[in-house]
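See structure below.
The values are calculated or read from the model by the stated rules, or taken from the named source; none is laboratory data. Keep in mind the model is a prediction, meaning the values are calculated, not measured. Accessible surface is based on the protein model in full, side chains and every heavy atom, while ligands, DNA and RNA are left aside. Shrake-Rupley method; radii C 1.70, N 1.55, O 1.52, S 1.80 Å.
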Amino acid sequence: MSKLVIVDGHAIIHRAYHSIPPLTSNGQPVNALYGFYSMLLTAINTLNPKYLIVCLDSPGPNFRNHEFLGYRAKRKPADRELVSQLPLLESTLLEAKITTFSMAGFEADDLIATVSLQALKKIKKTKSGNKKLVDEVVIITGDKDLMQLVDQQVSLFVPVRGLSETKIFDSLSVKEKLGVLPSQVIDLKALMGDMSYNYPGVAGIGPKVAIDLLSEYKNLEN
């Protein structure tokens, strides 16, 4: 079975920065880099992928900022010590010959979703007949929003305590964590909003009511 692992690059390096004590090399902070590659090597040993891609956010606004001017408006700027390590992440991935994807106007999440869907559809021709290029996709991330992608062929590999403890999220795990199925995550967010991104939900509806409504009505339209 061929497996594609997609790494949510900036989500993991952010978590690494807050999980690893300060480290420097010639005055340059490197704790986030150290944590990122520690996590990456652990995941490779655990998951044994045939293919590996790291998706990265691009600097500057994306299409969400044009659709909703308040998107992420209340989020504090990242620490300078972390920001100084982001260019090093890209350059070291290049030196390691690890494929990276980024695109102006889009977030890593958008690329992860697109690559996941496209990879599972690709077919390769072999002597014994046509075969799927990828049978399974595993996404390494700390972002719960990506739980909407989980299905029989897509799972999440998530650090749940620092970087040392991880968990694989399948559809059942998502339901246990969020109270809804992966296919209902978008509607859950639409109902209850998300303060971390500064977008509102429906007035008076919090997580519990949103979960109860989706349990009864299945989707936002209903």
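Details
- Structure-based [θ]222 nm, the chain - -39500 (n - 2.57) summed over DSSP H runs of at least 4, per residue, nearest 500: -11500 deg cm²/dmol
- With all protein chains in place and ligands, DNA and RNA left out, the 1.4 Å accessible area ranks His10, His18 as His18, His10, largest first.
- Global form of the chain, assessed from the alpha-carbon gyration tensor, a/c cut-off 1.5: oblate
- For region 76-177: rounded, prolate or oblate by the Cα gyration tensor [a/c cutoff 1.5]: oblate
- Thr114 - accessible surface, heavy atoms, 1.4 Å probe, Å² rounded to 10: 70 Å²
- For Tyr199, the solvent-accessible surface with a 1.4 Å probe is about 60 Å², rounded to the nearest 10.
- Using heavy atoms of the protein chains and a probe of 1.4 Å, the accessible area assigned to Tyr197 is about 20 Å².
- Cα principal axis extents for region 66-111, largest first, Å: 37, 26, 13
- Using θ = phi - 60° in the Karplus curve 6.51 cos²θ - 1.76 cosθ + 1.60, the 3J(HN,Hα) couplings for region 138-144 round to 10, 9, 8, 7, x, 9, 5 Hz; x is entered for Gly and Pro.
- Probe 1.4 Å, all protein chains present, accessible-area order of Arg75, Arg80, Arg161, Arg15, largest first: Arg80, Arg161, Arg75, Arg15
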